[in-house]
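The values are calculated or read from the model by the stated rules, or taken from the named source; none is laboratory data. As the structure is a computational prediction, the values presented were derived from the model and not from experiment. Positions of Cβ are backbone-derived with ideal geometry, glycine not excepted, and every protein chain shown enters the neighbour counts. Side chains are part of the model used for accessible areas, which takes the heavy atoms of the whole protein and leaves out ligands, DNA and RNA. Shrake-Rupley method; radii C 1.70, N 1.55, O 1.52, S 1.80 Å.
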Amino acid sequence: MNRPVLSVEELKAWYGAAQILFDLAFHVDRGEVVALMGRNGAGKSTTMKTLMGLIARRSGTVRFRECDISNFKPYQVARLGLGWVPEDRRIFTDLTVLENLDVGRQSRGPGSGAESGDENTAPGWTPEKLFQLFPNLAEMQDRLGGRMSGGEQQMLTVARTLMGNPHMVLLDEPSEGVAPVIVEQMANTIIELKKQGLSILLSEQNLHFAELVSDRAYLLEKGNIVWEGTMAVLAADTEVQRQFLTI
């Protein structure tokens, strides 16, 4: 039986006294792209931060690669092979492209190969392989991060995360605030990563972008999951879109 690479049950999270997430339950299978969708403030980014162990007050069960990571610290989550591409990119602006990639380098670690019984063996990423995936970055290897466009920085952030050889990546709003040509390149990149067996949880508001790359979707509204199903069904249901996605 193919077990999910990520499964979440009764996930709650708070900022201080304010509860933001309410009993979330969802899963991502191996080699699957799942979209977590909703309006601004629905709780998408908070969900990803909670999965990474960045929200101090949280409860519920998070299992990643059959390991309970509910109370893991962020560095423990990352070492297990869960990568995160934050919405605000967080590249090092005074380092070059190559230096930014080197910062993200992480050994494949225990459980990365077939000897662990893990069917989703993480690809071994190198700068050379990443430059094939991101040709734009290949042309600016010595450019400082601060002298790159927003879209170029977004690609660099994804590439830096892949240097950690993750089994799964959390992508937070990858299409927001970047040029249409970069959005298209990002969609192609996600499709290619999926072909290589990488699992992806995608936080997104752009329905067209999510439809291009995602297999399934969960819709968030005020910290609750209010709809789930295949992306094909969501793309055809204008009433659900109007109720939970339209601004």
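Some points to look at:
- Long-range Cα-Cα pairs in the chain (distance over 22 Å), rounded percent: 52
- Rolling a 1.4 Å probe over the heavy atoms of the protein chains gives the chain an accessible area of 46 Å² per residue.
- 5 angstrom amide H check on ASN206, placed H, neighbours 5+ away: none
- Exposure rank, largest accessible area first [GLU239, GLU221, GLU228; 1.4 Å]: GLU228, GLU239, GLU221
- What the Cβ-Cβ distance of ASN188 and ASP215 gives, at R0 = 22 Å and to the nearest 0.05, is a FRET efficiency of 0.85.
- Cut-off 12 Å between beta-carbons: net charge of the residues surrounding SER70, Lys and Arg +1, Asp and Glu -1: +1
- Using the Cβ of TYR218 as centre and a radius below 10 Å, the other residues enclosed give a net charge of +1, where K and R count +1 and D and E count -1.
- Spin-label model, GLN76 to ALA236: label points 7 Å out along the Cα-to-beta-carbon direction sit 4.5 nm apart.
- Taking the 1.4 Å solvent-accessible surface of segment 3-88 as the whole, the part contributed by carbon and sulfur is 48%.
- The length gained on full extension between GLN243 and TYR15, counted as 0.36 nm times the residue separation minus their Cα-Cα distance, comes to 79.4 nm.
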